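Single-structure report; data block below.
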Amino acid sequence: MTNWAGNVVFQAGHAERPSSIAELRALVGRGSAVRVLGSGHSFNDIADTTGTLVSLENLPHDVEIDTASGTVKVAASVRYAELGRRLHDKGYAVHNLASLPHISVAGSIATGTHGSGDGNGGLATAVAAIEMVTADGELVTLRRDQDPGTFPGAVVALGALGVVVSVTLDVQPAFEMRQYVYEGLPGEVLDEHFEDVVSSAYTVSLFTDWRNQRINQVWVKQRLDEGAAEPPATLFGATPADGPRHPVPGVAPDACTTQSGVPGPWFERLPHFRPDFTPSSGEELQAEYMVPRRHAVEALHALAGIREHIAPVLQISEIRTIAGDDLWLSPSQGRDTVAFHFTWVKDPAAVRPVLTMIEERLAPFAARPHWGKLFTVEPETLRSRYDRLADFQRLARDLDPAGTFANAFVRRYVLDA
């Protein structure tokens, strides 16, 4: 078994696919090392184990809307594409989605995955309750409004506390959106107008190949229920694309969601890619670094200083903003964030030294890497960038004293301090 990209071969002694919660509780209760594999869209060993690798795909894909509380209870293995369709059919939406709708709800939340938008927190900020099987086989529920001392540590938890079987998410009325693509944003515009650009719509993404100062594309997604004005003829010097675009130069846009201002439902516009296509088919590697938003322009200049090293091994880079949150292991914990995402060619040996160079450039800004992607940051350095780490370690000792869910990745970067 491998991850989606094929760069990680899982070392599990065996794999299990329970078909009921009772079966899952029994296998967790008798296991000494257990990890859960979601959609496999991680690029490091965060999901690996030498013990039992569990997939929840065979559990019922329940989606239960509670109109009174304005929430939806979602089975862990449901993917955002399925959730979006089922919610929209009932007249509801979640606040945001990642660029890929193919990823599982629980796996995305556990690793701090996010979308874009100055006012939009990561996907985990929509969680109102989390239900998981702990190491003793018990089914435990933690709620935002009832467990303030533990809940912020249990949401973005890297699978280290138990097997999450469902999450309860805040929902809102369904809404329509439209998206536009602008091309050729002069890089120097961001020196003075970074905040103006990234706050110009509900979500904004900047794409660059780092070959020069220019931002190749700006993807602007407007909510129509917020009285969105007609888009400007130019966006700080960037001009509208004359047709659909793929973020990677030269790639056909067939896999991308509808552009050119055509209105459509939220779940068909918030992602960049359509669920019936698998972008790149795994032929890529990914890394991402989260920096305090107040350092956005400085970080851009720091990375521009090594563009000659980045560009040769890069497919495309995306820059997004995310609102800060209070979740202990969230990369946006305690700070509004700008995220620098890199989609690399599938050549680990060539990419790894470039990761180290990027990390050195972003070190003055205490950059936090995405938990599910590639990075080379030293464990001690990474731990120092999370001021609630000790609280999480205590929570892990309480819920999993024997370390049933603490694989090599979790021990290396989180628990072994």
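The values are calculated or read from the model by the stated rules, or taken from the named source; none is laboratory data. All of these numbers come straight from a predicted model, not from anything done at the bench. Ideal geometry is used to build each Cβ from the backbone, glycine not excepted, and the neighbour counts take in all protein chains shown.
For the range 214-253, enumerate the residues that are among the aliphatic types (A, V, I, L, M) and either surrounded by fewer than 14 Cβ atoms within 10 Å (Cβ to Cβ) or assigned to a strand (DSSP E or B) (or both). Talk me through it step by step, then tell me what you get.
As a first pass, look at the range 214-253 and keep what is among the aliphatic types (A, V, I, L, M): 215, 218, 220, 224, 228-229, 233, 235, 238, 241, 248, 251-252.
Matches in the range 214-253: Ile215, Val218, Val220, Ala229, Ala233, Leu235, Ala238, Ala252.
What residue, among those in the range 22-39 that are in a loop (DSSP other than H, G, I, E, B) and out of contact with any strand residue (DSSP E or B) (no Cβ under 8 Å at 6 or more places or on another chain), is nearest to Leu59 (Cα to Cα)?
Let us first name the residues in the range 22-39 that are in a loop (DSSP other than H, G, I, E, B), namely 30-33, 38-39.
Applying the additional criterion that residues be out of contact with any strand residue (DSSP E or B) (no Cβ under 8 Å at 6 or more places or on another chain) yields 30, 32.
Numbers: Arg30: 19, Ser32: 22 Å.
Here the answer is Arg30.
Could you please find all residues in the range 254-283 being crowded, with 19+ Cβ neighbours inside 10 Å, among the acidic types (Asp, Glu) and at pLDDT below 95?
none
Could you grab me the full set of residues in the range 314-346 that are over 15 Å from Glu288 (Cα atoms) and of a type outside the set (Gly, Ala, Ser)? First the steps, then the outcome.
Step one: list which residues in the range 314-346 are over 15 Å from Glu288 (Cα atoms), which gives 323-329, 333-336, 346.
Across the range 314-346, the qualifying residues are Asp325, Asp326, Leu327, Trp328, Leu329, Gln333, Arg335, Asp336, Lys346.
Taking the range 376-399 as the region of interest, how many residues are in contact (Cβ under 8 Å) with a residue 40 or more places away in the chain, closer than 25 Å to Phe43 by Cβ and among the aliphatic types (A, V, I, L, M)?
Result for the range 376-399: 2.
With His88, His61 as the choices, which residue is assigned to a loop (DSSP other than H, G, I, E, B) and surrounded by 16 or more Cβ atoms within 10 Å (Cβ to Cβ)? If you could, list the steps in order and put the result at the bottom.
Values: His88 fails: assigned to a loop (DSSP other than H, G, I, E, B).
The match here is His61.
Sort out for me the strands (runs of 3 or more DSSP E) sitting completely within the range 156-209 that have 1 or more residues that are of a type in the set (Asp, Glu), touching a strand residue (DSSP E or B) at 6+ places or on another chain (Cβ under 6 Å) and within 28 Å of Thr111 (Cβ to Cβ).
On the way: elements: 163-170, 176-185, 203-208.
Because the criterion is at least 1 residues that are of a type in the set (Asp, Glu), touching a strand residue (DSSP E or B) at 6+ places or on another chain (Cβ under 6 Å) and within 28 Å of Thr111 (Cβ to Cβ), the strands (runs of 3 or more DSSP E) in the range 156-209 that meet it are 163-170.
Taking the range 254-273 as the region of interest, how many residues are closer than 16 Å to Gly115 by Cβ and in a loop (DSSP other than H, G, I, E, B)?
5
From (1) touching a residue at least 60 places away in the same chain (Cβ under 8 Å); (2) over 22 Å from the mean Cα position of the chain (by Cα), pick out the condition that doesn't hold for Gly372.
(2)
Can you tell me how many residues in the range 70-103 are over 26 Å from Thr321 (Cβ atoms), touching a residue at least 40 places away in the same chain (Cβ under 8 Å) and of a type in the set (Gly, Ala, Ser)?
Qualifying residue count, the range 70-103: 3.
Quick one: in the range 348-360, which of the residues that are of a type outside the set (A, V, I, L, M, F, W, C) and in contact (Cβ under 8 Å) with a residue 60 or more places away in the chain is surrounded by the most Cβ atoms within 10 Å (Cβ to Cβ)? Can you show your working first?
Filtering the range 348-360 for residues of a type outside the set (A, V, I, L, M, F, W, C) gives 348, 352-353, 356, 359-360.
Those still in the list that are in contact (Cβ under 8 Å) with a residue 60 or more places away in the chain too: 348, 359.
Values: Pro348: 14, Glu359: 19.
Only one residue fits best here, namely Glu359.
Hey, among the residues in the range 380-404 that are closer than 25 Å to Val34 by Cβ and loosely packed, with under 15 Cβ neighbours inside 10 Å, which one's nearest to the chain's Cα centre (by Cα)?
Selected residue: Ala390.
From the list Ala47, Ala76, Ala81, which one is under 17 Å from Val167 (Cα atoms), buried (at least 22 other Cβ atoms within 10 Å of the Cβ), of a type outside the set (Ser, Thr, Tyr) and under 19 Å from the mean Cα position of the chain (by Cα)? Spell out how you get there, then give the answer.
Details: Ala47 fails: under 17 Å from Val167 (Cα atoms); Ala81 fails: buried (at least 22 other Cβ atoms within 10 Å of the Cβ).
Matching residue, one of Ala47, Ala76, Ala81: Ala76.
Looking only at the range 108-158, which residues are more than 21 Å from the chain's Cα centre (by Cα) and aromatic (Phe, Trp, Tyr)?
Looking only at the range 108-158, we keep the residues that are more than 21 Å from the chain's Cα centre (by Cα), and these are 133-143, 145-150.
Matches in the range 108-158: none.
Any idea which residue in the range 15-35 is farthest from Phe405 (Cα to Cα), counting only those that are buried (at least 16 other Cβ atoms within 10 Å of the Cβ) and more than 28 Å from the chain's Cα centre (by Cα)?
The selected residue is Leu27.
Okay, residues lined up against (1) of a type in the set (Val, Ile, Thr); (2) closer than 16 Å to Gly153 by Cα:
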{"position": "Thr343", "(1), (2)": "yes, no"}
{"position": "Phe365", "(1), (2)": "no, no"}
{"position": "Phe375", "(1), (2)": "no, no"}
{"position": "Arg383", "(1), (2)": "no, yes"}
{"position": "Ala402", "(1), (2)": "no, no"}
{"position": "Phe409", "(1), (2)": "no, no"}
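Among Glu298, Glu318, which is the only one that is among the acidic types (Asp, Glu) and assigned to a helix (DSSP H, G or I)?
Values: Glu318 fails: assigned to a helix (DSSP H, G or I).
Every option except Glu298 fails the conditions.
Considering each residue of the range 349-381, count those that are more than 21 Å from Thr111 (Cβ to Cβ) and among the β-branched types (Val, Ile, Thr), and give that number.
2
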